[in-house]
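Values quoted throughout were computed directly from the atomic coordinates according to the rules given, and no laboratory measurement underlies them. Note that the structure is predicted; figures quoted are calculated from it, not measured. Ideal geometry is used to build each Cβ from the backbone, glycine not excepted, and the neighbour counts take in all protein chains shown.
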Amino acid sequence: MHKVIGVLLLLLLFSCGKQRLWVKGKVQQKTFAREIPIQIKNGLIFVEVAVNGRPCNFLMDTGAPTLIDAQLVEELGLKTKAFGTAVDSYDRRNRIDYTVLETITIDSINFIRQGALISDLRSVPVFDCLDIDGLLGANLMRNACWQMDYKNEVIRIQEDCEGFIYSADWIVMPFRVNNQGTPKLSVTLGDSLRLSDVTLDFGSSSGLSLDLEAVEEMFDPAGADLFTAGAAGVGLYGVELDSIWFMSPKALFTSREDLILHGVRARIRRKGGHLFGTQILREFRSTIDWQNNELVLEPVPMGEKRSPVWKNFGCALQPNGEVLEVAQLVYPSLAVESGLVLGDTVVAINSLPVDATDFCEARALFGATDPIELTIQRQENHLRVNLRQQDLFDAPQNKATKKP
């Protein structure tokens, strides 16, 4: 089941005091160098940490400040204060509180006095399934040099980047940072489209996501040969309903005209700004140097730089009240050809009865089973739909049958 996760948080700051919250933390040790195992789920990096001594599972997210689940705040008895307004990756706003974490320990590295926002992460079904206790955000990460190694499933953390030796074909991408420390990149798409303010977002499981307004002169959604309808993705404040369209520029380049990838697929959406996510980043060993404001990308040795692959059944499910519903469809796909429609109630997967309480199990089945059989209830009728995974990025030659 495909569901793009984007936890990007932009903060509306109205006082210098609140801005200082994101720069007051530091690392207790003066020198350190650690290699730490990670879990990778759908391209996202999960790290075992300890918050004030309590073991936790945090998602690494350079597109957001550090954030902690509300239940954990209550368990730890942390003091909270009103922060202001936060905006999630789909431009939805909500009031939010914050706390200061005395210690976040990663391996034996102690990040102390770290500001953290508070949110009820477990109330969002996808986050609950991923067992997320919080986010390792940019304000914490900017206190060290971080290297993300997808191939070996480790991260490396040092006080600076001087000890790293890069491969001969390394790429350097300069960046600037916003108040919370999130890196902002510049890229060139195809022959001429130059984009700035592109968020380096290890918390987004997509690749390159772009604002429709930025590309409307060269891209017409009505002519898209691959698009989605229904749920566009999941942000901090829940599911966003909208369409996503895809365009296929010849290549993606840095602002210095170095090639990043051939045949990149860019996601076009109405909200959320430009994102540089893990579908691209996992093709590289990435080092973030906050001291020199540089992202270093080293291609993973896999021969030619590959075009992205999107293996999927062509649909996604989401809880709605007490039932599971078809919440997203991809056009074209076998799901559409099989007659699925948005809002169909799924009552069984591979003959196993399911409802809203089985959402996490349903996600696991979608990720581990191929082919798969859905039993759909539509009014008084039960329909069986058999699906198999396909690379949807190869599907546009099969014309879509419907426009959202």
Alpha-carbon Debye profile of segment 171-299, log10 I(q)/I(0) at 0.10, 0.11, 0.18, 0.21 Å⁻¹: -0.31, -0.37, -1.01, -1.33
How high is the relative contact order of segment 171-299, given as a whole-number percent (alpha carbon pairs under 8 Å, six or more residues apart)? 34 percent
Where a ≥ b ≥ c are root eigenvalues of the Cα gyration tensor, a/c under 1.5 meaning rounded, otherwise prolate if a/b exceeds b/c and oblate otherwise, segment 83-237 counts as oblate
Can you classify segment 151-198 as rounded, prolate or oblate using the Cα gyration tensor, where a ≥ b ≥ c are the square roots of its eigenvalues, rounded means a/c under 1.5, and otherwise it's prolate if a/b beats b/c and oblate if not? oblate
Just want to confirm a number: the relative contact order over segment 46-187, from Cα pairs under 8 angstrom separated by 6+ residues, in percent. 27 percent
Ranked from fewest to most other Cβ atoms within 10 Å of their own Cβ, Trp310, Trp22, Trp170 fall in the order Trp170, Trp310, Trp22
Tell me the Kirkwood hydrodynamic radius of segment 10-158 in angstroms, computed as one over the mean inverse distance between distinct C-alpha pairs. 15.7 Å
When each pair of different Cα atoms in the chain is counted once in the 1/r mean, what is the Kirkwood radius in angstroms, to one decimal? 22.0 Å
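In terms of the Cα gyration tensor, with a ≥ b ≥ c the square roots of its eigenvalues, is segment 192-243 rounded because a/c is under 1.5, prolate because a/b exceeds b/c, or oblate?
Numbers: a/c = 2.29, a/b = 1.16, b/c = 1.98.
Oblate shape, in that a/c is at least 1.5 and b/c is the bigger or equal ratio.
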For Leu317, Leu226, ascending order of other Cβ atoms within 10 Å (fewest first) is Leu226, Leu317
